[in-house]
1. Within the stretch 84-102, take every residue that is surrounded by fewer than 15 Cβ atoms within 10 Å (Cβ to Cβ) and either among the β-branched types (Val, Ile, Thr) or on the phi > 0 side of the Ramachandran plot (or both) and give me the one that is modelled with the lowest pLDDT.
2. Scan the stretch 61-85 for residues that are part of a helix (DSSP H, G or I), of a type outside the set (S, T, N, Q) and either in contact (Cβ under 8 Å) with a residue 60 or more places away in the chain or under 19 Å from Leu26 (Cβ atoms) (or both) and jot them down.
3. What are the residue pairs meeting all of these: first residue in the stretch 125-153, first residue under 17 Å from Lys32 (Cβ atoms) and in contact (Cβ under 8 Å) with a residue 60 or more places away in the chain, second residue surrounded by 11 or more Cβ atoms within 10 Å (Cβ to Cβ) and charged (D, E, K, R), Cβ atoms under 6 Å, and 6 or more apart or on different chains?
4. Would you list the helices (runs of 4 or more DSSP H) that sit entirely within the stretch 1-60 and hold 1 or more residues that are surrounded by 12 or more Cβ atoms within 10 Å (Cβ to Cβ) and in contact with a Pro (Cβ under 7 Å, 6 or more places away or on another chain)?
5. Going by the structure shown, is Arg104 touching a residue at least 24 places away in the same chain (Cβ under 8 Å) and either out of contact with any Leu (no Cβ under 9 Å at 6 or more places or on another chain) or basic (Lys, Arg) (or both)?
6. Just for the stretch 1-35: of the residues that are of a type in the set (Lys, Arg) and under 14 Å from the mean Cα position of the chain (by Cα), which one is modelled with the lowest pLDDT?
7. Listed residues Pro57, Pro141, Pro68; which is under 23 Å from Asp13 (Cβ atoms), modelled with pLDDT under 90 and out of contact with any helix residue (DSSP H, G or I) (no Cβ under 7 Å at 6 or more places or on another chain)?
8. Among the residues of the stretch 1-22, write down those that are in contact with a Leu (Cβ under 8 Å, 6 or more places away or on another chain) and without any contact (Cβ under 8 Å) to a residue 12 or more places away in the chain.
Amino acid sequence: MRISEIIGLEVGDVADRHRVRGRIVLEKHSTKSKRSRTVAVSKQAVKHLQEYLDSLPARPGPREPLFPSQTKPRRPMTSTNAIMILKRMFLAAGVENTSSHSLRRTHANTLRRNGVDLKVIQDQLGHSSLAVTERYFEVDPVEAQRAVEQLRF
């Protein structure tokens, strides 16, 4: 998901009665493409989201922001604050020269390297065109060498 889609989530978008679901439905008003889409959530992400919800001091209602602003708790966190949090996490992990968008590119490339259908990757990224998705892909030198080694002449 895009950072703007993540910070726009409400508790009810990810959980029923504070139990996290394995799918998030993004309504068209909250996506860049202005098209609704369903995003699958990994079991690991469900676990972390559940731990996050369980750690909150009060149980927020379904229409409250999943990631609220620290200064205005009834409002969602701003994209600037979310990006700053990610930058601090990247630095703490020793990862340099990266951004929130790098995570989308890494996600797309990891799926492709693992043989996931390009249309599935396109859908996960929320792209209306496969051509846009293809711009995310990088040529991995190890993968290129492996491809050449498959030639039998």
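1. First, the residues of the stretch 84-102 that are surrounded by fewer than 15 Cβ atoms within 10 Å (Cβ to Cβ): 84-85, 87-89, 91-97, 99, 101-102.
From the residues that got through so far, the ones that are either among the β-branched types (Val, Ile, Thr) or on the phi > 0 side of the Ramachandran plot (or both) too are 85, 94-95, 97.
Values: Ile85: 93, Gly94: 94, Val95: 91, Asn97: 88.
That would be Asn97.
2. In the first step, residues of the stretch 61-85 are kept if they are part of a helix (DSSP H, G or I); the result is 79-85.
From what's left, of a type outside the set (S, T, N, Q): 82-85.
Scanning the stretch 61-85 gives Ala82, Ile83.
3. Gly126/Arg37
4. Values: elements: 3-7, 11-14, 43-55.
So the answer is 3-7, 11-14.
5. Values: touching a residue at least 24 places away in the same chain (Cβ under 8 Å): yes; either out of contact with any Leu (no Cβ under 9 Å at 6 or more places or on another chain) or basic (Lys, Arg) (or both): yes.
Considered against the rule, which asks whether it is touching a residue at least 24 places away in the same chain (Cβ under 8 Å) and either out of contact with any Leu (no Cβ under 9 Å at 6 or more places or on another chain) or basic (Lys, Arg) (or both), Arg104 comes out as yes.
6. Keep residues of the stretch 1-35 that are of a type in the set (Lys, Arg), which gives 2, 17, 19, 21, 23, 28, 32, 34-35.
Going one step further and asking which of them are under 14 Å from the mean Cα position of the chain (by Cα), we end up with 2, 23, 32.
On the way: Arg2: 88, Arg23: 94, Lys32: 77.
Going through the qualifying residues, I end up with Lys32.
7. On the way: Pro141 fails: under 23 Å from Asp13 (Cβ atoms); Pro68 fails: modelled with pLDDT under 90.
Result: Pro57 is the single residue among Pro57, Pro141, Pro68 that is under 23 Å from Asp13 (Cβ atoms), modelled with pLDDT under 90 and out of contact with any helix residue (DSSP H, G or I) (no Cβ under 7 Å at 6 or more places or on another chain).
8. none
The values are calculated or read from the model by the stated rules, or taken from the named source; none is laboratory data. Model, not experiment: these values are computed from the prediction. A quick note on method: Cβ atoms are made from the backbone with ideal geometry, for glycine too, and the neighbour counts reach across all protein chains shown.
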